[in-house]
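One structure is given below, encoded as structure tokens.
The values are calculated or read from the model by the stated rules, or taken from the named source; none is laboratory data. Because the structure is a prediction, the values reported are computed rather than measured. Here Cβ is always computed from backbone atoms with ideal geometry, including for glycine, and neighbour counts include all displayed protein chains.
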Amino acid sequence: MELQLALDLVNIPEAKAVVKEVEAYIDIVEIGTPVVINEGLHAVKAMKEAFPHLKVLADLKIMDAGGYEVMKASEAGADIITVLGVSDNSTIHGAVEEARKQNKKIMVDMINVRNMEERAKEIDALGVDYICVHSGYDHQAAGKNSFEELNAIKRVVKQAKTAIAGGIKLDTLPEVIKANPDLVIVGGGITGHQDLKFAASEMRKLVKQA
Ligand SMILES: O=C(CO)[C@H](O)[C@H](O)COP(=O)(O)O
């Protein structure tokens, strides 16, 4: 099981400073959607240049023009790029095709997908690398999480790795781990903790024990 740090509410220097503190405990660093909106793909490039040993995920949440967007993120140095599960199959197909050319990976974010099992099965057949259940900030504010959705996709996904994101904290991580995802994505559970190193190292211990 791997641990991904999501960086959402920071600029490029702040993002680098956070990663410097916790780089020993994480497998993947995510340049979150708000960072890409604020800073552009320069943020991906800057992170890859600063931490070439870490995998960098560009959380573009692609909804259209899958091939083109994946090409641009790849040029910036992203190793993994996100596409939305609610997008058209042709978008996901284009993203996967381009990722194969560039030797990159595609993660499909299942945020706001309603027919979770059925859609996860279809997306798995499109050859994506990760399928990620996700309660976004607006759902989290309404007290929701994706723990049940993880069990749902685990029942049907045969090829892709499974991942979960959205409001995971040190105290809820053990429950998440019970469902055995391949990847756990944590943002505020690390960046909002008073001791970043402690939170990241404890999370790593739990994730690697599983
Ligand atoms: O993609 C995101 C929001 O859309 C976040 O990166 C993801 O939810 C992880 O962050 P957190 O653990 O703070 O919820």
Looking at region 64-75, can you tell me whether even one residue there is within 14 Å of the ligand (Cβ to nearest atom) and either in a helix (DSSP H, G or I) or within 30 Å of LYS205 (Cβ to Cβ) (or both)? no
Hey, among ILE31, ILE37, ILE62, ILE81, which residue is free of Cβ contacts under 8 Å to residues at least 12 places away in the same chain and among the β-branched types (Val, Ile, Thr)? ILE37
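Is it the case that GLY136 is at negative phi and under 16 Å from the mean Cα position of the chain (by Cα)?
Yes: the conditions hold for GLY136.
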Please verify whether region 79-99 includes one or more residues that are assigned to a helix (DSSP H, G or I), closer than 17 Å to LEU183 by Cα and modelled with pLDDT of 95 or more. no
Check region 132-144 and report whether any residue there is in contact with a helix residue (DSSP H, G or I) (Cβ under 6 Å, 6 or more places away or on another chain) and closer than 28 Å to THR91 by Cα. yes
Scan of region 165-202 for residues that are farther than 16 Å from GLU148 by Cβ, away from the ligand (no atom under 11 Å from the Cβ) and touching a strand residue (DSSP E or B) at 6+ places or on another chain (Cβ under 6 Å), ordered by number: ASP182, LEU183
Extreme residue, nearest to GLU122 (Cα to Cα), among residues of region 136-150 that are part of a loop (DSSP other than H, G, I, E, B) and among the small types (Gly, Ala, Ser): SER146
Filtering region 1-18 down to residues that are buried (at least 18 other Cβ atoms within 10 Å of the Cβ) and either free of Cβ contacts under 8 Å to residues at least 40 places away in the same chain or among the aromatic types (Phe, Trp, Tyr) (or both) yields ILE12, ALA15, LYS16
Exactly one of (1) of a type in the set (A, V, I, L, M); (2) assigned to a helix (DSSP H, G or I); (3) within 14 Å of the ligand (Cβ to nearest atom) is unmet by ILE153. Its number? (3)
